[in-house]
1. What list of ³J(HN,Hα) couplings, whole Hz, do you get for segment 117-126 from phi and the Karplus terms 6.51, -1.76, 1.60, once you set θ to phi - 60° and write x for glycine and proline?
2. What lysines sit close enough to Lys115 to cross-link, taking a C-alpha to C-alpha distance under 22 Å and skipping anything fewer than 8 places away on the same chain?
3. Give me the percent relative contact order of segment 123-165, please, defined on Cα pairs under 8 angstrom at least 6 residues apart.
4. Would you mind telling me the antiparallel percentage of the DSSP bridges in the chain, rounded to 5?
5. Given points 7 Å out from each Cα along the Cα-Cβ axis, report the Arg63 to Glu124 separation in nanometres with one decimal.
6. Send over the semi-axes of segment 107-193's equivalent ellipsoid, whole angstrom and largest first, taken as the square roots of 5 times the C-alpha gyration tensor eigenvalues.
7. Give me the number: length gained by fully extending Arg134 to Ala84, i.e. 0.36 nm times residue separation minus the C-alpha to C-alpha distance, one decimal in nm.
8. At 7 Å along the Cα-to-beta-carbon direction for both Asp222 and Gln26, put a label point, then send me their distance in nm to one decimal.
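Read-outs throughout are calculated quantities, based only on the coordinates presented, and are distinct from any laboratory measurement. Just so it is clear, the structure is predicted and the values come from calculations on it, not from any experiment. For neighbour counting, all protein chains shown are included, and Cβ atoms are generated from backbone atoms with ideal geometry for every residue, glycine included.
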Amino acid sequence: MLRRVFQIGKYYYNVAMEVSYGLILQVRYPRTVEVIRRIRQANARYAGSFKYVHLHHLLSSFRPKTILEFGTGSSTGVFGIYAARNGARVCSVEDSQQWLDNTRKGLQGMADSLKFILAESIAESGAPNKCYYRHTPSEAFDLVYIDGPPLMIDGKSTPTAVNWNIVEMIELGLQPRIIVVDGRVATAGYIATHFRDRYEVYLRHETHFPGFRYHSYFVRRD
């Protein structure tokens, strides 16, 4: 009984937090709301407002000049707005041509200033399971954002899989200054475990309290 009451309370608390962050997003970042709505209409996917508020916070804190995004979508809209205002360069990697086209449509004129790369997604069973795009960047970006590819092994959702592109980049010496992980607990855990000597670790908060950390992120130890 107490567990049920806790679950109900947590649900309504998270709803209240989403409403609060939705208002913050509309007041502070109205342009973001407009762009995300267009992308959402095209792609039929949308994350909570707290995701975009936290992403804006990270961008304003670290001021990256180059951004590499694995997994195109609504977050691409946030990067596009940031790039237009700050002269940053953005590259987004995706395995679906339709998804890329829909996101370009949602971005409208901003899409011309972003580079989009269509790359095959690969899934490998093993220890660990790996999901990645068949794309190796030729430079170390200031910020790498990990939101793809989907964590699917043999057609089944596999939350324990690691997005391997970022591991490959670090091992090749292409260490970004900032790594941001959207969800993907196994990926964040792998980075925290294997590269803690190279990065300061900030894992995501599971409870949506005011000012909570939606993304896991990692700051290179220079």
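1. 3J(HN,Hα) across segment 117-126, in whole Hz: 10, 8, 9, 5, 9, 10, 10, 10, 7, x.
2. Within the straight-line limit of under 22 Å, Lys115 reaches these lysines: Lys65, Lys105.
3. Rounded, it is 51 percent for segment 123-165.
4. Taking every DSSP beta bridge with both residues in the chain, the antiparallel ones total about 40 percent.
5. For the pair Arg63/Glu124, the computed spacing is 3.9 nm.
6. The equivalent ellipsoid of segment 107-193 has semi-axes of 22, 17, 12 Å.
7. My answer for the length gained is 15.2 nm.
8. 3.9
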